[in-house]
Amino acid sequence: MYSDLRQTMCSVKDGIEKEYKLVLAYLFWSAVCTYWGVWNACDILEFYGMEASAADLLIAQQDGYRAGIMIFPAAAFVVMKCKQNSLSIQLVLRYGSRRKMLVRQIMESMWYAVVTAGVLLGTEFLFAWTAKGTLINWNSKGSIYYAYTGELSDAWFITAAAGVFCMYVIKMMILFVLTDIFMWYPKTLILLWVLLVLAVGLEKVGGIPVFHFLFSVQHSTWLEPVTFIEHVLEGMGVLLAAYGIGIACIKKKDIFYF
């Protein structure tokens, strides 16, 4: 197990180094989108006279429009390019099993999800801290937390950041696992972006939480912590379902034609 984890870490490292120009372009694009999102949120909150903190801005950045249209599709494209050798003939000969190859892809996706989520959260924190200079102020009646919940809280900033990070990892994992499955049928990859846009449309227009809003941390989470656990379990359920669907989809795929 340790050997497999080490090998997947090396594969992720090699993939990032090989596509470093594309990775740098993604980092720049993500930073631009995050900067725009943070300062736009600041302007809106200041217009309504609310005292925002860095924790509030991290929560606000989970919005489906910015993430769903601008960041997540770009992340999926970059990871897909970094993982383009995950179905190479060498791995086909080594594993000789569709299931083992998909598991290997998913293990790589886990590392990519942690890295991309960490980078995204770190960038958001940098801009949020620069914009407000206050980590968290939920024990103030002028805070956004009090405006939304009518309660005061002594929550720590680290708990808010950890919650957002956890949800980012879940969403990235779901996205990258779907990417792994679609990579077995390259001509269908366009459907991945269709699903991302559809999810944003359902959430922003239809008000149906199916992805970005479903797997997110809100101020109300601190009033009902059990909802956070429920969302984590739902995310695990989606990943298990995606794995099952993936196994079914690649069951008859000829692994000697990649």
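The values are calculated or read from the model by the stated rules, or taken from the named source; none is laboratory data. In this text the structure is predicted, and so the values were computed from the model without any measurement. So basically every Cβ, Gly included, is an ideal-geometry build from the backbone, and we count neighbours across all protein chains shown. Each accessible area value is taken on the protein alone, full model and side chains, heavy atoms only, with ligands, DNA and RNA left out. Shrake-Rupley method; radii C 1.70, N 1.55, O 1.52, S 1.80 Å.
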Out of the residues in the stretch 211-236 that are within 14 Å of the chain's Cα centre (by Cα) and part of a loop (DSSP other than H, G, I, E, B), state the one that is nearest to ALA55 (Cα to Cα).
VAL217
Residue pairs, Cβ under 7 Å, 6 or more apart or interchain, first in the stretch 183-204 and over 20 Å from TYR243 (Cβ atoms), second at pLDDT 90 or above and part of a helix (DSSP H, G or I). List them.
TRP193/PRO73
How many residues does the stretch 3-38 hold that are assigned to a helix (DSSP H, G or I), over 19 Å from LEU126 (Cα atoms) and not β-branched (Val, Ile, Thr)?
16
Kindly indicate whether LEU120 is closer than 30 Å to ALA242 by Cα and open to solvent by less than 10 Å² (accessible area, probe 1.4 Å).
yes
Is there a residue in the stretch 158-174 that is open to solvent by 20 Å² or more (accessible area, probe 1.4 Å), of a type in the set (Val, Ile, Thr), touching a helix residue (DSSP H, G or I) at 6+ places or on another chain (Cβ under 7 Å) and closer than 27 Å to GLY246 by Cα?
yes
